[in-house]
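The values are calculated or read from the model by the stated rules, or taken from the named source; none is laboratory data. Everything quoted here is computed from the prediction, not taken from an experiment. Note that we place each Cβ from the backbone using ideal geometry, even for glycine, and neighbour counts take in every protein chain shown.
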Amino acid sequence: MAAKNSEMKFAIFFVVLLTTTLVNMSGISKLQVMALRDMPPQEALLKMKLFPSNILGSCNDYCTTNADCLGVTLCPWCKARKSPSGYIYSTCSLLP
């Protein structure tokens, strides 16, 4: 009977130790990330050209000509828009 109690105490101690180790290790691997909600159009256009993520194209992608909006997409037209800060940029649009 005393052996069962010591085994149970050891099992509880082992579970608590394992849990605290896992929680502590998960705190080490956390990274702090800062991101912009609305990336300025110049940087977004540069990012799109350097790292194309959607080969097929999509609406609201930054563009300079209609050729930038080609692909299997519903938005084949490059349309000029104005940002709240007053900067004029172009995005792919459904209507010309």
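Listed here are the residues, each with its yes/no results for (1) of a type outside the set (S, T, Y); (2) surrounded by fewer than 10 Cβ atoms within 10 Å (Cβ to Cβ); (3) modelled with pLDDT under 65; (4) in contact with a His (Cβ under 6 Å, 6 or more places away or on another chain).
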position: M1; (1), (2), (3), (4): yes, yes, yes, no
position: V16; (1), (2), (3), (4): yes, no, no, no
position: V33; (1), (2), (3), (4): yes, yes, yes, no
position: Q42; (1), (2), (3), (4): yes, no, no, no
position: L50; (1), (2), (3), (4): yes, yes, no, no
position: N54; (1), (2), (3), (4): yes, no, yes, no
position: G57; (1), (2), (3), (4): yes, no, yes, no
position: D61; (1), (2), (3), (4): yes, no, no, no
Among (1) outside any loop (DSSP other than H, G, I, E, B); (2) at pLDDT 80 or above; (3) within 25 Å of the chain's Cα centre (by Cα), G27 falls short only on (2)
When only residues in the stretch 76-92 that are hydroxyl-bearing (S, T, Y) and out of contact with any strand residue (DSSP E or B) (no Cβ under 8 Å at 6 or more places or on another chain) count, which is modelled with the lowest pLDDT?
-> S85
